[in-house]
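The values are calculated or read from the model by the stated rules, or taken from the named source; none is laboratory data. As the structure is a computational prediction, the values presented were derived from the model and not from experiment. A quick note on method: Cβ atoms are made from the backbone with ideal geometry, for glycine too, and the neighbour counts reach across all protein chains shown. Only protein heavy atoms, including side chains, enter the accessible area calculation; ligands, DNA and RNA are left aside. Shrake-Rupley method; radii C 1.70, N 1.55, O 1.52, S 1.80 Å.
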Amino acid sequence: MDHVAHRSLSTSLPNILTYGRMVAVPVLAGVLFFGNSEGARWLAFAIFVAACVTDWLDGYLARIWEQQSNLGRMLDPIADKLLVGATLLMLVYTDTINGWAIWAAIIILSREILVSGLREFLAELNVKVHVTQLAKWKTAVQFVALAMLLVGPAAERIVPGTTNAGVLLLWIAALLTLVTGYDYLKAGIRHAIDR
């Protein structure tokens, strides 16, 4: 009976949405790698926005339907980091992120790797670091920045300055990333020293 319950949770809609977000990563990368038209930019934007919506929706549905699972808790942050990391890499590849803005991308990627390592370390010590409201704002700003940068070159004729606005938001996300990453680092160091 327990085995059936675990299997049904692994195929629950919230987890399926998380799987979909992971599948979106290579699809998004492929669209940007093989396509350099405005249509490809709009398609990449649509895929990214859909993936961002599933990030909110999977957690919301898991809570209201009481379908939270260890699998979902493990895969959700992994899916987010894959989406953000791959999108940043492809935006550098397409030269949308260039010059000094590459440093904002490096800060964000470095923080994601740092937090993943710290979470793993703290989990071994049975320590939970709860997601702060500022971290949620960081994620929202980051997603909006990346969406604007994905569509920027195609949207410039409709909304001039879209790419520049995306770069500005990327820097704001990078600064928020430093602050929220420091919280994880502080917790990790405190528990490492205490042990």
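Let's see how each residue does on (1) aliphatic (A, V, I, L, M); (2) within 16 Å of Ala147 (Cβ to Cβ); (3) touching a residue at least 60 places away in the same chain (Cβ under 8 Å):
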| position | (1), (2), (3) |
| --- | --- |
| Gly20 | no, no, no |
| Val23 | yes, no, no |
| Leu28 | yes, yes, yes |
| Leu32 | yes, yes, yes |
| Arg41 | no, yes, yes |
| Phe45 | no, yes, yes |
| Trp56 | no, yes, no |
| Gly59 | no, no, no |
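Filtered by the rule that a residue be assigned to a loop (DSSP other than H, G, I, E, B), at pLDDT 90 or above and under 21 Å from Met90 (Cα atoms), segment 126-162 gives a lone residue, Gly161. Pull up segment 7-21, narrow it to residues that are open to solvent by 20 Å² or more (accessible area, probe 1.4 Å) and of a type outside the set (Gly, Ala, Ser), then point me to the one that is farthest from Leu75 (Cα to Cα). Of everything passing the filter in segment 7-21, Arg7 is farthest from Leu75 (Cα to Cα).
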